[in-house]
Amino acid sequence: MTRTDWQAMLRRTSFIELNARQRARALLDDGSARELCGPFDRIESPWLEPQGVVPQSDDGVVVMKGALDGDPAVVVAVEQAFQGGGIGEVSGVKMATALSLAARDTRAGTPTPAVLLLETGGVRLQEANLGLAAVAEVCSAILELRALQPVVGVIAGSLGCYGGMSIAAALCTRLIMTEEARLGLNGPEVIESEAGIEEFDASDHPLIWSLDGGRQRVGTGLADTLVLDDVTALRTAVIDAVRAGMPAEQRSRRIKELRAALEAVDPARPPEPAALADVWARAGAKGDGR
Amino acid sequence: MAATHVPTTTRDWTRRRAAKRERLAAVQPFVSGRLVDADHMRDALQALLRPGDRVALEGDNQKQADFLAEALAGCDPDAVHDLHLLISSISLRDHLDLFERGVARRLDFAYAGPQSVRMAQLLADGKVEVGAIHTYVELYARMFVDLIPDVALLCAEQADRDGNLYTGPSTEDTPTIAEATAFSDGVTVVQVNELVDELPRVDIPGDWVDLVVRSPRPFALEPLFTRDPRHIGQVEILMAMIALRGIYERHQVTSLNHGIGYDTAAIELLLPTYGEELGLRGKICRHWALNPHPTLIPAIESGWVESVHCFGGEPGTERYVAARPDVFFTGRDGTLRSNRVLCQLAGQYAVDLFIGSSLQIDAAANSSTVTEGRLTGFGGAPNMGHDPHGRRHPSPAWLGLLTGEAPALRGRKLVAQITQTFRTGGTPAFVETLDAITVGKDAEMPIPPIMIYGDDVSHVVTEEGVAYLYRATSLAERREAVAAIAGATPIGRGIDERRVDALRRDGLVALPEDLKVDVRRASRSLLAARSVEDLVAWSGGLYDPPARFRTW
């Protein structure tokens, strides 16, 4: 058993503590960050005020251009404190456009990888179909850029990445998580309200993290890197992920592996969460088995 | 000369003792030695109890004799009915099922937090007769005066073959109820999690215990005192800074009790950072009457805390507390020994300060956590939140609030209320009329259920500043001081700035700048721990947070 260095834990600078703007800045090289479509541009969602929701002047998404370990990069961060990180028409377009522009710059000779900070419940319900369309645009923009440059997804916590945006996360070239981060298609409350508390008790934290938590997702190969909630550790992991470049085959294209993983599990007799990594490893799916 | 009444017949002076013998004889079919067969607990209770019995059912702040409560609720109302229940904290469904089924009729209680809506309904339906809504200490006190239990249903972690009990860290009220019952020829029945040959320590001697049942599941224990630092925001931090400078530092508060809540958790988490910066370590907050709050761990670890006496335990802190015996009261076995009544006594007579969050405060500083449609009761807040006139020993903090006319001078305990001017959802915390007034009328209470009376409150803290109410010489002045820190609430809008300036000059009110509190510094980076994980790290891995507080 490894002895945790508690003093080091206390000395760390928590990344989770930071808001979206601070997170984006913390990843980029000092002094290099420059916000695009920032709050002073006042690009707000027109759909919230009529529904009695106070809009935010950045619509909850921060786009930051800058240098990552000396090279150009763009960071797009979702602010979890605003509408549960829900993606609406404006915030979705900000994210999709940033990715498309990075692809354009890359094609024009300035390779520009992207980092997505995903703390989001998915589509913003107040914007209904427009939000759905926006998430589709984000996915399509990820596909466009990832053919040229790495798109690194970071789920640090504490909200997690759920709904349509979990699909966007799954499309990322590499995915970095902390132990406190969660990744899943349907959020715990959604499962409980749809399928009943017998199916899923959304107040059962060990259950939630045993399925959706960073350790499990990395262990089962649905995410790549598990890091400590620490600014330096996160930044180092992001730089490494970008430096690792393009994989031979993107995770979302490893259909055979994913199918084998699905077939290895009998939904009528699901394995214990802790056993899933082994079950999948035997079936030929990749994970680091932690 | 007045006539003396001379009894002509000989009275039987041992009726309770005889009744106890009869009761214990009646349960014999279900008992071997002291041990009741868990499968026949209901039958045993039906044999033991008489209609109209006064039954103390252990429902403490945290631990619940839930197996016995369930067995009692299942009793046949034809056999067992019209019981008079004494429960300090009504928190289980079973507690109120008893009344719905007619097993019990009369109730004396102190707190009904989780069941407060149903409680109000049962009262309206005439299903329950309330003797009185007490504060904790009163209810236990009356068990020794005019509410002596016939039967007590208690819980403990372990029992040995002689009925000796180990309560575990959450001793809470068990010894008190057991004493009131055992020494008045009542019957004590205890559910235990385990039967063992040897106890780690004896919390209650076996000859106070009549019957023991091994519960099929451990008794319920709520982590009531755990607050996740993630939910502490800038405003709580600002208020904590104001409280530290405006109350703790100014009055040299060395011994104290904190209520439950994020406001006071913020103060605990600011000691190792802001408090350290102010050079206050060793000068304030040395002795505590407090449950083992996980948010106190950083202050303990950085050497602020000399002693903590506890009302009860707190799930997850067992190993940590056991590893810090110089600070906590621990048994020879090493684990925490708590005692709610003694800690209440300490909180009333031995400490300089009580500070707690309030939900509603009126213009005269009366405060209440009662809200409409609920009958929550009082709990222990009024016990902690008052100035005990029986105190005589001086301390700098107590003497600092000197009151009265010579020679009848006395100090005062500091009773502080802390609240944001507006609560979540934009509800003002400062109101013209407390909800408690309506609730009291609806429940036909003889007096409104005010938690803490305005004339006991010495300080009110909000994000606007501190009101030093003990300095007010009239009710009018007290009202002005409250208004001065009540922000944009209807109460706060009633005072003009010039008057506030005058109150500041006279020392009745202090704003952050008067206290040299830099509002801009109120950020989460000032918290010694910002997550439950940080608390675990501070404890060196000794704190085991309950599952619901784990986010990893």
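The values are calculated or read from the model by the stated rules, or taken from the named source; none is laboratory data. Keep in mind it's a predicted model, so treat the numbers as computed, not measured. Every residue, glycine among them, receives a Cβ derived from its backbone with ideal geometry; neighbour counts consider all protein chains shown.
Key figures
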read-out: Hits in segment A:39-92 - residues which are surrounded by fewer than 18 Cβ atoms within 10 Å (Cβ to Cβ), polar (S, T, N, Q) and within 16 Å of A:L125 (Cβ to Cβ); value: A:Q51
read-out: Only one of B:E179, B:E172 that is without any contact (Cβ under 8 Å) to a residue 60 or more places away in the chain, among the acidic types (D, E) and either farther than 22 Å from B:F329 by Cα or outside any strand (DSSP E or B) (or both); value: B:E179
read-out: Subset of segment B:156-169 [in contact with a Leu (Cβ under 7 Å, 6 or more places away or on another chain) and not in a loop (DSSP other than H, G, I, E, B)]; value: B:A156, B:Q158, B:A159, B:Y166
read-out: B:D442 acidic (D, E) and loosely packed, with under 15 Cβ neighbours inside 10 Å; value: yes
read-out: Pick from segment B:495-510, criterion assigned to a helix (DSSP H, G or I) and among the acidic types (D, E), ranking: farthest from the other protein chains (Cβ to nearest Cβ); value: B:D501
read-out: Considering residues of segment A:125-182 that are assigned to a helix (DSSP H, G or I) and polar (S, T, N, Q) only, the residue surrounded by the fewest Cβ atoms within 10 Å (Cβ to Cβ); value: A:N129
read-out: Condition check for B:G487: over 28 Å from the mean Cα position of the chain (by Cα) and outside any strand (DSSP E or B); value: yes
read-out: Checklist (1) in contact with a Lys or Arg (Cβ under 9 Å, 6 or more places away or on another chain); (2) in contact (Cβ under 8 Å) with a residue 24 or more places away in the chain; (3) not hydroxyl-bearing (S, T, Y) applied to B:E276, failing item; value: (1)
read-out: Number of the exception - B:T330 against (1) under 23 Å from B:Y166 (Cβ atoms); (2) without any contact (Cβ under 8 Å) to a residue 24 or more places away in the chain; (3) over 21 Å from the mean Cα position of the chain (by Cα); value: (3)
read-out: Subset tally (residues that are in a helix (DSSP H, G or I) and not hydrophobic (A, V, I, L, M, F, W, C)) for segment B:385-414; value: 1
read-out: Number of the exception - B:L86 against (1) touching a His at 6+ places or on another chain (Cβ under 7 Å); (2) surrounded by 24 or more Cβ atoms within 10 Å (Cβ to Cβ); (3) not aromatic (F, W, Y); value: (1)
read-out: Residue count for segment B:346-384, restricted to those that are modelled with pLDDT under 95 and charged (D, E, K, R); value: 2
read-out: A:L10 vs. criteria within 14 Å of chain B (Cβ to nearest Cβ) and either among the small types (G, A, S) or assigned to a helix (DSSP H, G or I) (or both); value: yes
read-out: Residue under evaluation B:H459, criteria (1) more than 14 Å from chain A (Cβ to nearest Cβ); (2) of a type outside the set (D, E, K, R); (3) over 30 Å from B:G303 (Cα atoms), criterion not met; value: (3)
read-out: Qualifying residue in segment B:375-384 (condition: assigned to a strand (DSSP E or B), of a type in the set (A, V, I, L, M, F, W, C) and surrounded by 22 or more Cβ atoms within 10 Å (Cβ to Cβ)); value: no
read-out: Residue that is nearest to the chain's Cα centre (by Cα) [pool: residues in segment B:195-254 that are among the polar types (S, T, N, Q) and over 15 Å from B:A266 (Cβ atoms)]; value: B:T254
read-out: Per-region count, segment B:511-552, residues of a type in the set (A, V, I, L, M), under 20 Å from B:L224 (Cβ atoms) and more than 7 Å from chain A (Cβ to nearest Cβ); value: 4
read-out: Any chance B:D39 is closer than 24 Å to B:D160 by Cβ and surrounded by fewer than 14 Cβ atoms within 10 Å (Cβ to Cβ); value: yes
read-out: Only one of A:L118, A:L159, A:L148 that is away from every other protein chain (no Cβ under 14 Å), of a type in the set (A, V, I, L, M, F, W, C) and closer than 20 Å to A:G88 by Cα; value: A:L118
read-out: Conditions (1) modelled with pLDDT of 95 or more; (2) surrounded by fewer than 19 Cβ atoms within 10 Å (Cβ to Cβ): number failed by B:A522; value: (2)
read-out: Residue identified as in contact (Cβ under 8 Å) with a residue 24 or more places away in the chain, more than 20 Å from B:S539 (Cα to Cα) and within 14 Å of another protein chain (Cβ to nearest Cβ) among B:G259, B:G233; value: B:G233
read-out: A:V265, sole failed condition from (1) over 20 Å from A:E179 (Cβ atoms); (2) part of a helix (DSSP H, G or I); (3) β-branched (V, I, T); value: (2)
read-out: Residue under evaluation A:R42, criteria (1) on the phi > 0 side of the Ramachandran plot; (2) touching a helix residue (DSSP H, G or I) at 6+ places or on another chain (Cβ under 6 Å), criterion not met; value: (2)
read-out: Single residue of segment A:187-228 satisfying the filter (outside any helix (DSSP H, G or I), under 20 Å from A:T120 (Cα atoms) and of a type in the set (S, T, N, Q)) that is farthest from the other protein chains (Cβ to nearest Cβ); value: A:T225
read-out: Some residue of segment A:22-34 being within 14 Å of chain B (Cβ to nearest Cβ), of a type outside the set (A, V, I, L, M, F, W, C), within 27 Å of B:R230 (Cβ to Cβ) and surrounded by fewer than 20 Cβ atoms within 10 Å (Cβ to Cβ); value: yes
read-out: Segment B:53-74: number of residues that are buried (at least 24 other Cβ atoms within 10 Å of the Cβ) and basic (K, R); value: 1
read-out: Check on A:L175, touching a Ser or Thr at 6+ places or on another chain (Cβ under 7 Å), touching a residue at least 40 places away in the same chain (Cβ under 8 Å) and either within 26 Å of A:L234 (Cα to Cα) or within 14 Å of chain B (Cβ to nearest Cβ) (or both); value: no
read-out: Which listed residue is within 24 Å of B:G113 (Cα to Cα) and either at pLDDT 95 or above or surrounded by fewer than 20 Cβ atoms within 10 Å (Cβ to Cβ) (or both), from B:R142, B:R250; value: B:R142
read-out: Residue within segment A:263-270 that is out of contact with any strand residue (DSSP E or B) (no Cβ under 6 Å at 6 or more places or on another chain) and in contact (Cβ under 8 Å) with a residue 40 or more places away in the chain present; value: no
